[in-house]
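J.: Dumping the structure here so I can ask a few things about it.
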Amino acid sequence: MVDINSKYLEAVRELSDRIVEAQRPIRILDSIKWGPEIRESFFQSGYRELPAVDREYYQRHNRLDFDPGAKRVELHELAITDYEKIPEIMDNFLEVIETVGPNPYKGM
């Protein structure tokens, strides 16, 4: 069996924790849901006409719990600062796969 050292596991855990924390406030479905008046007009049209909702509608009715520009910068910086860890993570993962072998249930 492959010996996965604690330094590697710590690096993976740290990167994972940072990604989870960075994306925590992002709620995609909450940010695009329609209010009751929009939903009702859509249903009354027999689902044939999409409601006239635009960026301004969402900005007025579905306030985000974060600043999108700042979040974009945060995620970009995360990608840059942890970029050098990815090859080691992938190498270790591939080593484990080579040792364990392919999934015997795949392709059934």
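J.: What are the residue pairs meeting all of these: first residue in the stretch 4-28, first residue closer than 15 Å to Glu77 by Cα, second residue in a loop (DSSP other than H, G, I, E, B), Cβ atoms under 8 Å, and 6 or more apart or on different chains?
T.: Listed pairs, sorted by first residue: Leu15/Asp82; Arg18/Asp82.
J.: Which condition from (1) loosely packed, with under 11 Cβ neighbours inside 10 Å; (2) within 26 Å of the chain's Cα centre (by Cα); (3) of a type outside the set (Asp, Glu) is the one that Ser31 breaks?
T.: For Ser31, the failing item is (1).
J.: Spot the failing condition for Ala22; the list is (1) of a type in the set (A, V, I, L, M, F, W, C); (2) surrounded by fewer than 13 Cβ atoms within 10 Å (Cβ to Cβ); (3) in contact with a helix residue (DSSP H, G or I) (Cβ under 9 Å, 6 or more places away or on another chain); (4) at pLDDT 90 or above, and only one is missed.
T.: (2)
Yes/no per residue for (1) in a helix (DSSP H, G or I); (2) polar (S, T, N, Q):
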residue: Ser16; (1), (2): yes, yes
residue: Ala22; (1), (2): yes, no
residue: Ile26; (1), (2): no, no
residue: Leu29; (1), (2): yes, no
residue: Ile38; (1), (2): yes, no
residue: Tyr47; (1), (2): no, no
residue: Ala52; (1), (2): no, no
residue: Asp65; (1), (2): no, no
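J.: Name the residue that is farthest from Pro25 (Cα to Cα), counting only residues in the stretch 70-108 that are within 17 Å of the chain's Cα centre (by Cα) and in contact (Cβ under 8 Å) with a residue 24 or more places away in the chain.
T.: Asp82
The values are calculated or read from the model by the stated rules, or taken from the named source; none is laboratory data. Here the structure is a predicted model, which is why all the values come from computation and not from measurement. Virtual Cβ from ideal backbone geometry, glycine too; neighbours counted across all protein chains shown.
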